[in-house]
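Asker: Below you'll find the structure I mean.
Coordinate-derived values only; no laboratory data. Keep in mind it's a predicted model, so treat the numbers as computed, not measured. Note that each Cβ is placed from the backbone with ideal geometry, even for glycine, and that neighbours are counted across all protein chains shown.
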Amino acid sequence: MTWEQLSNLTPDNGAIQSLKDLIIAELFTDPELERFFTLRQNVKNGQKLGYSGAMSDVGWNGSGCNPSYKNATIQFLEKEWAIGDWQVPLKWCYTDLINTIAEYCLKKGTEIGDLTSTEYMDDIVYPALQEAMRLMMWRIIWFGDKNAKLNTESGVISTGVDTDLFKTADGFWKQLFAIGTDNESQKVSIAANGEESTALQMSKIKETGVAIGIFESLLENADSRIFGVEGAGIFCTKTLADALTKDLKREYKEILTWEQIFKGLDVSEFNGVPVYRLSIWDRFIMKYENNGTKLNLPHRAVFGSPREMFVGTPANQLISELDIFFDKKDRMNYIYSTGKMGMLLGQDDLFQMAY
């Protein structure tokens, strides 16, 4: 979608509907994004996510008449959806543009306050909103925390960041950390995360053999069933992926090549398992989980499948309709959107983490 095409998206010729469709198409209909979660539609708060597992062993020695019948058990798993609310309430006054480079976009006379159908909205606001909502979804899905607190209040959120950005629902990382706490065998500890400065955190992960050891332990200790789940791979921060690349080249003269799927996401392979390098996690940790001295777990990885990572919403899509309008009474321009969503991990045993 080019800026020339975006300039045609105005409320007068259907921009409200077109912009909504554009954002949905860009964010959630691309099949590549199925690498990161499985969308569940029409999910209600408190609704159960149910699984039926494998049957207990069968096939005993013997044959003939009058066999001894036995009971077989089937494991069942049930988790409950916790759906939270998000909203995007934005407003603009034309005076915000006075004495800026965008002042030329303003209409004339009485209509000066109406920013709809202007280059400012079409070429600046709409593309920026598309990217902001993309980041919103990444932030909530992976870093959401209903009890988010600043690092000055016994939390991990950077000072000055609005904690309401995270409180819609508990994201995948919070749930993965809980699994690692409950079952230490599913966690590979990364010593570099515990260093006392960001500089040391970044240097220690690059030491000889460290990254290779982390990835080998991640795979060796994982439940063997994970390897057979469709879409399974290692999803990790850029710091960890780059350290692996450097370590393999130094130790084994092996060149780990990365293929870009889209901006900010690259894929490679380690011991036959896909490895996804997500630089967006690094940016979020640097921005949102930084106390000024060190970062909160800057090196992270999870071995699992998006088929076991569920994002649920009561609606048919995550991005809701966009209400875009100019109010003639208060002379303000508004954009509003709201929705509901929640995250659930499937079978806890089918995840192996490193952090």
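Asker: Please list 3J(HN,Hα) in residue order for region 223-228, calculated via the Karplus relation 6.51 cos²θ - 1.76 cosθ + 1.60 where θ = phi - 60°; whole Hz, with x for glycine and proline.
Answerer: 4, 4, 5, 4, 4, x
Asker: Just to verify a number: FRET efficiency for Glu251 and Thr110, C-beta to C-beta distance, R0 = 45 Å, to 0.05?
Answerer: Values: r = 71 Å, r/R0 = 1.58.
Efficiency for this residue pair is about 0.05.
Asker: Just the number, please: Stokes-Einstein D of region 104-207 in µm²/s, Kirkwood Rh from C-alpha pairs, 25 °C, 0.890 mPa s. Before the final figure, lay out each step's value.
Answerer: Numbers: Rh = 17.6 Å.
Estimated via Stokes-Einstein, D reaches 139 µm²/s.
Asker: Using R₀ = 41 Å, calculate the FRET efficiency as 1/(1 + (r/R₀)^6) where r is the Cβ-Cβ separation of Ile124 and Glu80; round to 0.05.
Answerer: On the way: r = 42 Å, r/R0 = 1.03.
Given R0 = 41 Å and the Cβ-Cβ separation, E is 0.45.
Asker: Take the Cα pairs of region 184-230, get the Kirkwood Rh, then feed it into Stokes-Einstein at 37 °C and 0.692 mPa s and tell me D in µm²/s.
Answerer: Translational D for this selection: 271 µm²/s.
Asker: In whole angstrom, note down how far apart the Cα centers of region 138-157 and region 101-134 are.
Answerer: Rounded to whole Å, the Cα centres lie 33 Å apart.
Asker: Right, something else. Toward the positive end of the charge dipole of the chain, about the Cα centre and with charges on Cβ (Lys, Arg +1; Asp, Glu -1), which of Ala222, Asn66, Ile83 goes farthest?
Answerer: Result: Asn66.
Asker: Rounded to the nearest 10 degrees, what's the angle between the helix 126-143 long axis and the longest principal axis of the chain, both from Cα atoms, 0 to 90?
Answerer: 30
Asker: For region 262-313, what mean projected area does the convex hull of the alpha carbons give, in nm²? The partial results should precede the final answer.
Answerer: On the way: hull surface 21.8 nm².
Its average projected convex-hull area is 5.5 nm².
Asker: Continuing with this model, one more query. Based on the Cβ-Cβ distance of Glu184 and Asn271, what FRET efficiency does E = 1/(1 + (r/R0)^6) give at R0 = 22 Å, to the nearest 0.05?
Answerer: Details: r = 23 Å, r/R0 = 1.05.
Efficiency computed from Cβ-Cβ geometry: 0.45.
Asker: Still on this model: Return the distance in nm (one decimal) between the two label points of a simple spin-label model at Gln47 and Asn66, each offset 7 Å from Cα along Cα→Cβ.
Answerer: Label at Gln47, label at Asn66, 5.3 nm between them.
Asker: Binned at 10 Å from 0, what are the whole-percent values of the Cα-Cα distance distribution for region 310-355, short to long?
Answerer: 21, 27, 22, 17, 9, 5
Asker: Dividing the Cα radius of gyration by the Kirkwood radius, what Rg/Rh value follows for the chain?
Answerer: Working: Rg = 24.5 Å, Rh = 23.1 Å.
Over the Cα atoms of the chain, Rg/Rh equals 1.06.
Asker: Still on this structure: I'd like the per residue volume of the convex hull spanned by the Cα atoms of region 258-355, given in cubic angstrom.
Answerer: Numbers: hull volume 19.0 nm³, N = 98.
For region 258-355, the hull spanned by Cα atoms encloses 194 Å³ per residue.
Asker: A follow-up question, please. Could you tell me the largest-minus-smallest coordinate of the C-alpha atoms of region 61-162 on each of the three principal axes, in descending order and whole angstroms?
Answerer: Cα extents, longest axis first: 97, 39, 19 Å.
Asker: Follow-up question, since we're still on this one. Based on the mean of other Cβ atoms within 10 Å per residue, sort peptides 146-156, 238-248 so the most packed one is first.
Answerer: Numbers: 146-156: 14.0, 238-248: 21.9.
Highest to lowest by the protection proxy: 238-248, 146-156.
Asker: Okay, moving on. Angle check, please: helix 15-28 long axis (alpha carbons) against the longest principal axis of the chain (alpha carbons), in degrees 0 to 90, nearest 10.
Answerer: Computed tilt is about 20 degrees.
Asker: Using Cα atoms only, what is the angle between the long axis of helix 238-252 and the major principal axis of the chain, expressed in degrees (0 to 90) to the nearest 10?
Answerer: Computed tilt is about 50 degrees.
Asker: Okay, moving on. Might you report the magnitude of the Cβ-based charge dipole of the chain about its Cα centre, with Lys and Arg at +1 and Asp and Glu at -1, to the nearest 20 debye?
Answerer: Approximately 460 debye in magnitude.
Asker: What pairs in Lys146/Lys340; Lys174/Lys287; Lys167/Lys263; Lys204/Lys253; Lys44/Lys187; Lys187/Lys263 have C-alpha atoms more than 23 Å from each other?
Answerer: Details: Lys146/Lys340 14 Å; Lys174/Lys287 17 Å; Lys167/Lys263 27 Å; Lys204/Lys253 21 Å; Lys44/Lys187 31 Å; Lys187/Lys263 29 Å.
Long pairs (Cα-Cα over 23 Å): Lys167/Lys263; Lys44/Lys187; Lys187/Lys263.
Asker: Do any trypsin sites (Lys or Arg not before Pro) in region 249-355 lie in a loop, going by DSSP, with at most 14 other beta-carbon atoms within 10 Å of their beta carbon, and if so which? List each step's numbers first, then the result.
Answerer: Details: sites: Lys249, Arg250, Lys253, Lys263, Arg277, Arg283, Lys287, Lys294, Arg300, Arg307, Lys328, Lys329, Arg331, Lys340; in loops: Lys253, Lys263, Lys294, Arg300, Lys328, Lys329, Arg331.
Those satisfying the criteria are Lys253, Lys263, Lys328, Lys329, Arg331.
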